[in-house]
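The structure appears right after this line, and notes come after that.
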Amino acid sequence: MAPASTSLMHPDGPPEPIAFRRPNLPGVAKLTAKERVAIGRDAEARWAKVMGSPMASVYVTELYGLAVEVIDEIDGAYELVAQIGQPEPGVGTLTVNHEINRHLTHALGAAARMRALCLDRQQPGRDQSPTDLAVQKRRAGWLRSLLREIDLGPILDADVRHSLEHFDEFVDRTSLEMIDGTIALPALVPVDLVLSERHLLQQFVPDGPGTVHFLRVFVSSEERFINCDRETDIAALRLASVEIRDRLEPSMGERPSEEVSAMVVLSKQSFG
C-alpha cells in the first residue's frame, strides 16, 4: 500500500513535543487556549509522520477486515433464517435460535470496532493524554474522508452496541422496572427468539393484552435486531459494510479478503 499523504505536516516543521504523555493529566476542558494550540500543532506533526509511514495501512486494513467480518456474520445469520423457511400466508413463525442471534451480536461487535476507528471523541480516555486525543481525532477524520459519501449512520449508531456491552445492567433494569410497575405486567420477555413478525408474541401474553419486552430478538420480515428494546436495521448495516469493503478493497492489493493481515516492518526512517 502506498504511503499516505504528508500534507498535514506543519510548514514550519514539527514543534517541540508537549509533555502531556501521562495519565491523570488535566482534561481537554481545563486546557488554556495556548496549550490547545500547542497540542494541536504537536498532534498535527505527529499524525503527519504516521500518515507517511507503513502504519497508516494498518488502519485501512483493520477497517476493511471489520467490514468483511460484519458482512460474513450477517450472511451467516441470513442463511440460518432461510433454513427456517417462509411462513404460510397469515401464519407467522417463531423459533429459539441462539446461533442466529450469536451471528448478529458478533456483527454488531465488529461494527462497534469500526465505529471506534472512525468516531471523534470529545474527551480523552482513562489513560489518554490530550495529545493522544488530538491525534485520534485526526485519524478518525482521515478514515472518514476515505469513506466519503458512504452513509456511516448504521456504523456510528451506538445505541444497540451499548445495550450489548451492558446487557447485564439492562436485565437488572428490566427486572426493577417490572417490580416498580414501569413495565406493565403481565409481560413476556423473549430471549434469542427469531420472529417472522414482531406482533406474534402478543397472543401468548397471559390474561389478555400485556407487555412484550424484547430482550434479544431478530424480526426476520423487517431485518431488525432488537436488544433490550433497542433496535438496529441489519440490512442497512450490511449495506454500509459492503460499501466500505468495496471502497477499501483496491488498497488490499491481490490479497484475498480473508488474508488481510501482514507484517509491518518499521525503521528509524519510517517516520521521517
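The values are calculated or read from the model by the stated rules, or taken from the named source; none is laboratory data. Bear in mind that the values here come from a model prediction, so they are computed numbers and not experimental data. Positions of Cβ are backbone-derived with ideal geometry, glycine not excepted, and every protein chain shown enters the neighbour counts.
Name the single residue, out of those in the range 27-41 being within 13 Å of T131 (Cβ to Cβ) and in a helix (DSSP H, G or I), that is modelled with the lowest pLDDT.
For the range 27-41, the residue satisfying everything is V28.
Being more than 21 Å from L200 (Cα to Cα) and assigned to a helix (DSSP H, G or I) narrows it down to one of G76, G125, so name that one.
Of G76, G125, the one residue that is more than 21 Å from L200 (Cα to Cα) and assigned to a helix (DSSP H, G or I) is G76.
Determine which single condition V160 fails, assuming it passes every other condition in (1) free of Cβ contacts under 8 Å to residues at least 40 places away in the same chain; (2) closer than 26 Å to L117 by Cβ; (3) surrounded by 15 or more Cβ atoms within 10 Å (Cβ to Cβ).
Of everything listed in (1) free of Cβ contacts under 8 Å to residues at least 40 places away in the same chain; (2) closer than 26 Å to L117 by Cβ; (3) surrounded by 15 or more Cβ atoms within 10 Å (Cβ to Cβ), V160 misses just condition (1).
Suppose we filter R148, R173 for residues that are of a type in the set (D, E, K, R) and either loosely packed, with under 12 Cβ neighbours inside 10 Å or in contact (Cβ under 8 Å) with a residue 60 or more places away in the chain (or both); which single one remains?
R148
Might you check whether a residue that is under 30 Å from V50 (Cα atoms) and in contact (Cβ under 8 Å) with a residue 12 or more places away in the chain occurs anywhere in the range 185-200?
Scanning the range 185-200, I find no residue that is under 30 Å from V50 (Cα atoms) and in contact (Cβ under 8 Å) with a residue 12 or more places away in the chain, so the answer is no.
Checking I179 against (1) surrounded by 13 or more Cβ atoms within 10 Å (Cβ to Cβ); (2) more than 24 Å from the chain's Cα centre (by Cα); (3) at pLDDT 90 or above; (4) more than 25 Å from E69 (Cα to Cα), which single condition isn't satisfied?
(1)
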